[in-house]
Amino acid sequence: MMKLFKTSITVFFLLIVSNVFAQNEVYNPEADAMKDIQTAIKEASKTNKHVFVKVGGNWCSWCKLYAKFSHNDAEISKIMEDEYETVLVNWSKENKNKKAMEYLGYPNRFGYPVFVILDGSGKVLHIQNSAYLESGKGYDKNKVLMFLKGWTVKALDPANYN
């Protein structure tokens with residue numbers, strides 16, 4: 001009876017741990033990054049948005065922290081929904097997505113996560129080293145908002161500055 005109890009507890013613990021890890025996995029090493037980028041570009045051109053590419057991996061604690069930070073903040077979530085088509089590009093031992101890295105201008109040179117802004121035609125507008133958006137042991141909301149607002153279609157439209 002005691003052995004069954006210990007086995008049940010062990011199985012329960014393993015299920016909880018695996019569920020926690022599964023929820024934290026935001027990057028798919030098997031995804032076709034170039035296909036995902038091209039799909040987002042097509043959608044961005046239809047919706048008059050830019051494409052926000054997040055390059056990172058499930059192994060990256062700062063990637064997970066940014067995901068949690070950005071999804072839990074209503075203001076940041078709204079800007080992302082209203083102004084950007086979003087693509088996650090995995091970079092890991094399993095899949096370094098070499099074609100996507102080349103297309104994006106090798107943003108991985110800045111570390112992870114790294115953010116790339118594309119316009120609706122697929123042109124790289126900006127590569128953002130996410131370290132500049134940090135403050136202490138997390139991300140700075142004001143810095144992130146300035147970055148996101150500064151790369152919207154509206155922000156780059158010269159007609160807004162006449």
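The values are calculated or read from the model by the stated rules, or taken from the named source; none is laboratory data. Remember, it's a predicted structure, so these values are computed and weren't measured experimentally. Here the Cβ is made from the backbone with ideal geometry for all residues, glycine too, and neighbour counts use every protein chain on show. Heads up: the accessible areas ignore ligands, DNA and RNA and are worked out on the full protein's heavy atoms, side chains in. Shrake-Rupley method; radii C 1.70, N 1.55, O 1.52, S 1.80 Å.
Placing unit charges on the Cβ atoms only, positive for Lys and Arg and negative for Asp and Glu, gives region 30-147 a dipole magnitude near 340 debye about its Cα centre.
Pairs spanning more than 31 Å between alpha-carbon atoms, out of 49/96; 35/137; 93/123; 93/149; 96/154: 35/137; 93/149; 96/154. For region 57-118, the Cα-based Rg and Dmax, in that order, read 12.6, 34 Å. With a simple spin-label model that places each label point 7 Å from the Cα along the Cα-to-Cβ direction, the separation between residue 82 and residue 152 comes to 0.5 nm. Residue ranges 59-68, 83-92 sort as 83-92, 59-68 when ordered by packing (mean number of other C-beta atoms within 10 Å per residue, highest first). Solvent-free Debye calculation, one equal scatterer per alpha-carbon of region 25-162: log10 I(q)/I(0) at 0.14 Å⁻¹ equals -0.60. Taking the protein heavy atoms of region 90-158 in the context of the full set of protein chains, the accessible area attributed to carbon and sulfur is 53 percent at 1.4 Å.
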